[in-house]
1. Need a quick list: helices (runs of 4 or more DSSP H) entirely within segment 153-232 having at least 3 residues that are of a type in the set (D, E).
2. Exactly one condition in (1) β-branched (V, I, T); (2) out of contact with any helix residue (DSSP H, G or I) (no Cβ under 7 Å at 6 or more places or on another chain); (3) in a loop (DSSP other than H, G, I, E, B) is not met by T43; state its number.
3. Between a residue in segment 218-232 that is under 19 Å from M205 (Cβ atoms) and in the same structural domain as F173 (by TED's automatic domain parsing) and any residue that is at pLDDT below 95 and not in a loop (DSSP other than H, G, I, E, B), which pairs come within a Cβ distance under 7 Å, given they are 6 or more apart or on different chains?
4. Please count how many residues of segment 97-115 are in a loop (DSSP other than H, G, I, E, B) and in contact with a strand residue (DSSP E or B) (Cβ under 7 Å, 6 or more places away or on another chain).
5. Among the residues that make up segment 185-205, is at least one of them closer than 29 Å to P7 by Cα and surrounded by fewer than 19 Cβ atoms within 10 Å (Cβ to Cβ)?
6. Quick one: would you say R22 is surrounded by 14 or more Cβ atoms within 10 Å (Cβ to Cβ) and modelled with pLDDT of 95 or more?
7. Among F94, F89, which is touching a strand residue (DSSP E or B) at 6+ places or on another chain (Cβ under 9 Å), surrounded by 21 or more Cβ atoms within 10 Å (Cβ to Cβ) and assigned to a loop (DSSP other than H, G, I, E, B)?
8. Which residues, counting only those in segment 48-79, are surrounded by fewer than 17 Cβ atoms within 10 Å (Cβ to Cβ) and of a type in the set (A, V, I, L, M, F, W, C)?
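The values are calculated or read from the model by the stated rules, or taken from the named source; none is laboratory data. Since we're looking at a predicted model, the values are computed, not measured. Quick reminder, even Gly has a Cβ in these numbers, built from the backbone with ideal geometry, and neighbours come from all protein chains shown.
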Amino acid sequence: MEKPKDPADLYRALGDEVNPSRPILTGDVFENVEVTNTDASVTRRTVMILDHPCSLRTDGVTLTERLLTAEVRRTEPGSWRQGNYNRMFLPAPFPLADGKANPCAAFFDSCYHVSPDQLASGNRVACLTPLGVNLMLQRRVKHFSRVTVESFKFQEANSGVYEEADVIEDWCFDREDDGLKHSEAVAECVDWLREDVGGRTRQSMLKDPQQVSTVRQQMTQQLRALRRQGAG
């Protein structure tokens, strides 16, 4: 089992650094989310999204009606290498951790299904890096199967999805400045990514690291063109 060289390597953004324009993704942590307990009572908890990115949305834009999450809470420090497979450690600088002595963790054996509205009732406090997502997936697979899958294999399988999330975030950040609603900007970007370009889509091109810069260049050109159209 693997661990980060530096805990900070797990996090793409924390607290106020989280960009609202970034699409909700696997490993995102939301605090103060309304969840329904087994006795039908409702409480507010901190949760991490567990669903694979391809399972989060029905059409590339709209979140599914039921999202699987794991409860995040304080825990004692533990080994990343052996044992503790039922959790993904979230050490400081994760904002809800209390220094090195009291890290947090997402517990795979304490799960809740939440609706998009329930998720929206909370506040996103963390987005993981690809490394963070890969290590979470590694630990979750280990918990349920006792099989160890190297993190680079998750990277190979999901690199296109990670790149797509980055593209959508940047696109929305730009287009919302032009006056588009977030949902409109997401839909516009997804349509652009799925356009046929010489027998392939830009979405498929993002799966090839050699093509990412090409898609990025095309995105810059397209955003400039859209801004000119809006100005005209």
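1. Where helices (runs of 4 or more DSSP H) fall fully within segment 153-232 and carry at least 3 residues being of a type in the set (D, E), they are 182-193.
2. (3)
3. L223/D174
4. Of the residues in segment 97-115, the ones in a loop (DSSP other than H, G, I, E, B) are 97, 99-101, 103, 115.
From what is left, the residues that are in contact with a strand residue (DSSP E or B) (Cβ under 7 Å, 6 or more places away or on another chain) are 97, 103.
Number satisfying all stated conditions: 2.
5. No, the conditions are met nowhere in segment 185-205.
6. no
7. On the way: F89 fails: assigned to a loop (DSSP other than H, G, I, E, B).
Result of the check over F94, F89: F94.
8. If the condition is that a residue be surrounded by fewer than 17 Cβ atoms within 10 Å (Cβ to Cβ) and of a type in the set (A, V, I, L, M, F, W, C), then C54, V61 are the ones that fit.
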